[in-house]
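Each remark here refers to the structure printed beneath this line.
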Amino acid sequence: MYDNLFLNTELIYVFTVVSEEKSINKASVLLHMSQPATSKKVKQLEKILCTTLFYRSSKGVHLTEDGQLFYKKSKVFLENTRDFMRSVQSQISLNDINIGCLDSISANLLSTFFEQNISKFKSAKITTNIFELIKTFNTYQTNVVIMDSNFGNNLKNSFQEKTLYSEPYYVVYDLRNSKLNNQKKLELTIQEISQFNWILYPSYCPIHQTLLSKLKEKNINKPQILEIDHSDSISKFIYNTEFLTILPHSQAIRQVTQNISRLGMKKVNVELTRNISIFTRNNNELTSFAETIFLDQKQPSN
């Protein structure tokens, strides 16, 4: 079963989460990954091991005999890996890190961690401006930044990257918007939502940049865009209008649950996904430490 074994920790971790949740869908939420991405990693692991790990049915997934054996070994492996990482990280602490992070990430996906540890960093730069964050890294003011993966090509000098999260985008709109609320479709294309007026964070925000890039890629005319720099104002200005906003899942769910009687949300189809990475200076010890900290923070955003 284990001949020619070539694995990485991520595949094993994804497998254990799917095993414990008994559902690709539930595991994907916990992992902040899309269902296809989670399924692909499970299949990749099965291909490497040359065996079937799960029985699949409409009710979910269940471990095969080989799957049960591998699950037991995986739990031991992951615990040993954590112990090893703790041992090699003994010389690094939060006090050694000058961190930069996008506000949308620190306030949503990693809110608990930052609330508990913000004062422990050597320095911390939290901003909504992606280009300001990039500048701090390029000028060595920060040695760790957490931001949208597709902006990594703006970083200079040597660095390492690890993808932490993947989440879809959602349209958030007023429930009295009959054009949207009366639609039975749960997912909308970028073409469909371009027919409405948008309220977005300013153009320096990575969400704004990503949406403009997707419109250009699809050769779709840009709709009217009202730029607002405060999330509370965005939700208020959607009320009683045909404006909508487009947000990553973690932000969208927060807006809607805080205004559940007024706002609704629909998923933007799979062509639009936000990937978030941690970038570190080319220092293996620092990278290992930072990855372990933030991979341990993976919690369902809803």
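Summary table
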read-out	value
Beta bridge orientation in the chain: antiparallel %, DSSP, nearest 5	65
Tensor-based shape of the stretch 125-182 (alpha-carbon gyration tensor, a/c under 1.5 rounded, otherwise prolate or oblate)	prolate
Gyration tensor (alpha-carbon) shape descriptor, the stretch 10-56, a/c threshold 1.5	prolate
Debye equation applied to the C-alpha atoms of the stretch 167-274, log10 I(q)/I(0) at 0.15, 0.21, 0.23 Å⁻¹	-0.55, -1.17, -1.46
Distance histogram in 20 Å bins (all Cα pairs of the chain, percent per bin)	30, 55, 15, 0
Farthest positive-ward along the stretch 167-274 dipole, Cα basis, beta-carbon charges - from 250, 228, 202	250
For the stretch 9-88: relative contact order, % (alpha-carbon pairs under 8 angstrom, 6 or more apart)	31
Dipole magnitude of the chain about its Cα centre (Cβ charges: Lys, Arg +1; Asp, Glu -1), debye to nearest 20	560
Simple spin-label estimate for residue 47 and residue 227 in nanometres, 7 Å along Cα-Cβ	4.4
Computed log₁₀ I(q)/I(0) - Debye formula, equal Cα scatterers, no solvent, the stretch 9-88, q 0.20, 0.27 Å⁻¹	-0.86, -1.37
Cα-based reach from residue 218 at 14 Å (exclusive), listing aspartates and glutamates while leaving out same-chain residues under 8 positions away	192, 271
Amide H within-cut-off set for residue 142, under 5 Å, with H built and near neighbours excluded	137
DSSP bridge pairs, the stretch 156-302: antiparallel proportion in percent, nearest 5	75
Over 27 Å (Cα to Cα) - which of 22/43; 125/156; 59/267; 40/179; 185/222 fall in this group	40/179
Rounded Å value of the spacing that divides the Cα centres of the stretch 7-53 and the stretch 220-264	33
The chain: angle of helix 35-49 to the longest principal axis, Cα-based, in degrees nearest 10	20
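Here, each number is a calculation from the coordinates, and none is a lab measurement. In this text the structure is predicted, and so the values were computed from the model without any measurement. As a convention, Cβ positions derive from the backbone with ideal geometry for all residues, glycine included, and neighbour counts pool all protein chains shown.
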